[in-house]
Amino acid sequence: MPNPYAPPGSEVADPSRTMPPVPPAVRRACLLFLSSLALGLVTLLPGVRPVRPDDAAVPALFTLLVVLFFGGITVWLTWKLYRGRNWARWTMLAYVLFGWWIGASELTDDFLASPLAGLIDLVCIAIEAIGCWALFFGAGAGWYRTLAAARSRR
């Protein structure tokens, strides 16, 4: 027999905040960005990108700090991409495009000074382009749209 003095029953639990599984396209894009970073680090090895006579001497500590800073940004953005942050997708696109713009002025000189370094740079650009494509088209784009729609409903 129901108790007439009992409070009304209602669901008071927080709505489920489980994220849909990361699609393979986004997982591959994240791996591509990290692979491009690792491949780009190869060009810092001695002999891969020879120092030109007109280049100014750059202290090794400064180079290390720059690599750690920009490598850290890449790793952090990749982690946020994997966690489904739509702003990270757009930030990564801008970050990659800015890197291409900066590197485009050096690409011809890199090929002349070291064909290996120029080839590595081109491969990195291609890898990043494929990663961006995977984030903005197909299953990757659909996953980010789904997450954005779920966040806007809350």
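The values are calculated or read from the model by the stated rules, or taken from the named source; none is laboratory data. Bear in mind that the values here come from a model prediction, so they are computed numbers and not experimental data. Cβ coordinates were reconstructed from backbone atoms using ideal geometry, including for glycine residues, and neighbour counts include every protein chain displayed.
Where helices (runs of 4 or more DSSP H) fall wholly inside the range 80-154, the ranges with 2 or more residues that are farther than 19 Å from Gly40 by Cβ and of a type in the set (S, T, N, Q) are 139-153. The set of residues in the range 86-129 being of a type outside the set (A, V, I, L, M, F, W, C) and in contact with a Ser or Thr (Cβ under 9 Å, 6 or more places away or on another chain) consists of Tyr95, Asp110, Ser114, Gly118, Asp121, Glu128. So which pairs qualify, if the first residue must be in the range 55-81 and closer than 27 Å to Arg27 by Cα and of a type in the set (Ser, Thr, Tyr), the second must be surrounded by 12 or more Cβ atoms within 10 Å (Cβ to Cβ) and modelled with pLDDT of 95 or more, the Cβ gap must be under 8 Å, and the two must be at least 6 apart or on different chains? Listed pairs, sorted by first residue: Thr74/Phe33; Thr74/Leu34; Thr74/Leu37; Thr74/Tyr95; Thr78/Cys30; Thr78/Phe33; Thr78/Leu34; Thr78/Met92. Taken over the range 108-154, the criterion of being surrounded by 12 or more Cβ atoms within 10 Å (Cβ to Cβ), more than 17 Å from Tyr82 (Cα to Cα) and of a type in the set (D, E, K, R) is satisfied by Asp109, Asp110, Asp121. Counting only residues that are aliphatic (A, V, I, L, M), touching a helix residue (DSSP H, G or I) at 6+ places or on another chain (Cβ under 7 Å) and closer than 15 Å to Leu77 by Cα, the range 90-132 holds 3 of them. Considering the range 43-69 alone, what residues qualify as being in a helix (DSSP H, G or I) and surrounded by 14 or more Cβ atoms within 10 Å (Cβ to Cβ)? Val67, the sole residue that qualifies. Of the residues making up the range 130-144, not a single one is touching a Ser or Thr at 6+ places or on another chain (Cβ under 7 Å) and hydrophobic (A, V, I, L, M, F, W, C).
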